[in-house]
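Throughout, read-outs are computed from the coordinates displayed, never taken from laboratory work. All of these numbers come straight from a predicted model, not from anything done at the bench. Reconstructed Cβ throughout: ideal geometry from the backbone, glycine too, with neighbour counts over all protein chains shown.
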Amino acid sequence: MSRRPGDVHVVRNQDNNWVVKQDGERISTHHTQEGADKRAASEARKDGVDRVTHGRDGRLRSKR
């Protein structure tokens with residue numbers, strides 16, 4: 001039985017870029033939160049999981 005992948009997260013890194021992560025692994029890096037959010041939505045749809053977007057302060061902003 002295979003394990004269900006975890007939610008897809010959009011977080012800001014130390015370089016002030018936006019990173020899309022899933023299961024602790026970086027999927028992609030973007031200059032804008034909007035770009036990262038679009039990529040996260042695509043990955044979340046593909047895997048049937050939630051997309052979790054964090055704000056600049058690292059706190060949860062939205063979960064879809």
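Data for the structure
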quantity	calculated
GNM flexibility winner over the chain from D15, D37, D23 (Cα, springs under 10 Å)	D15
Listed residue (A36, S62, Q14) projecting farthest to the positive dipole end of segment 13-64, Cβ model	S62
Additional length obtainable on full extension of the chain from R64 to A41, 0.36 nm per residue less Cα span	7.4 nm
Assigned charges on the beta-carbon of Lys, Arg, Asp, Glu; segment 8-54 dipole about Cα centre (debye)	80
Taking segment 8-54 and dividing mean pair separation by its residue count, relative contact order in percent (alpha carbons under 8 Å, at least six apart)	41
Mean residue ellipticity (222 nm) of the chain, computed from DSSP H runs ≥ 4 via -39,500 (n - 2.57), nearest 500	-7500 deg cm²/dmol
Kirkwood hydrodynamic radius of the chain, from inverse mean 1/r over distinct Cα pairs, in Å	11.6
